[in-house]
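Before any comments, here is the structure.
The values are calculated or read from the model by the stated rules, or taken from the named source; none is laboratory data. What you are looking at is a predicted structure, and each value in this text was computed from that prediction instead of being measured. Because the Cβ atoms are built from the backbone with ideal geometry, glycine has one as well, and the counts that use them run over all protein chains shown.
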């Protein structure tokens, strides 16, 4: 099932500060509920993503790569793909992020193209949209918190939808 999400949120710091954190996989990964890192090598990250969709919880093992990073325009693309740890399902995403200065804050625009196969695909677009929206909302809240405090957030439990 292929889907597309668009989200926009504001973080409470200037664009240069937000940009440096967004490129730091070890600091930003804990902001995404259910995500954990195994390794970071250059622009490639390996890890796990645990997501609850309806009555099931799925864990994906996969990789993500930062591509098209433009520090002057404050844009980047992240390509991620994973396979279910227990099952034949897959997930892949292309995430394009743009940061725009807005006084002492930064507006972040995220466009995500997402494809999922296997058990989660059975729940349809409505459920998948809700899961995606909640993940981005919690990511934005957690990112704002670490930017304000300068500390890594506590791991967030798998979101329940």
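For region 114-128, a residue qualifies if it is surrounded by 14 or more Cβ atoms within 10 Å (Cβ to Cβ) and either in contact with a strand residue (DSSP E or B) (Cβ under 8 Å, 6 or more places away or on another chain) or within 18 Å of residue 21 (Cα to Cα) (or both), and the qualifying residues are 114, 115, 116, 117, 118, 119, 120, 123, 127, 128.
Being assigned to a strand (DSSP E or B) and under 14 Å from the mean Cα position of the chain (by Cα) holds for only one residue in 59, 94, and it is 94.
Scanning region 8-24 for residues that are more than 15 Å from the chain's Cα centre (by Cα) and more than 25 Å from residue 102 (Cα to Cα) turns up nothing.
For (1) in contact (Cβ under 8 Å) with a residue 40 or more places away in the chain; (2) out of contact with any helix residue (DSSP H, G or I) (no Cβ under 8 Å at 6 or more places or on another chain), each residue gets a yes or a no:
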position: 82; (1), (2): no, yes
position: 96; (1), (2): no, yes
position: 101; (1), (2): yes, no
position: 106; (1), (2): yes, no
position: 112; (1), (2): yes, no
position: 123; (1), (2): yes, yes
position: 129; (1), (2): yes, yes
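Output the number of residues of region 27-56 satisfying the condition of being in a loop (DSSP other than H, G, I, E, B) and in contact with a helix residue (DSSP H, G or I) (Cβ under 7 Å, 6 or more places away or on another chain). Adding up the residues that qualify gives 3. If you go through region 27-43 and keep only what is touching a strand residue (DSSP E or B) at 6+ places or on another chain (Cβ under 6 Å) and either under 23 Å from residue 141 (Cα atoms) or surrounded by 14 or more Cβ atoms within 10 Å (Cβ to Cβ) (or both), you end up with 29, 34, 35, 36, 37, 43.
Checking each residue in region 68-78 for being surrounded by 15 or more Cβ atoms within 10 Å (Cβ to Cβ), part of a strand (DSSP E or B) and either without any contact (Cβ under 8 Å) to a residue 24 or more places away in the chain or in contact with a helix residue (DSSP H, G or I) (Cβ under 7 Å, 6 or more places away or on another chain) (or both) picks out 77, 78.
For region 101-123, the count of residues that are under 15 Å from residue 29 (Cα atoms), modelled with pLDDT under 90 and within 16 Å of the chain's Cα centre (by Cα) is zero. For region 11-26, a tally of residues being exposed (fewer than 14 other Cβ atoms within 10 Å of the Cβ) and not in a loop (DSSP other than H, G, I, E, B) returns 3.
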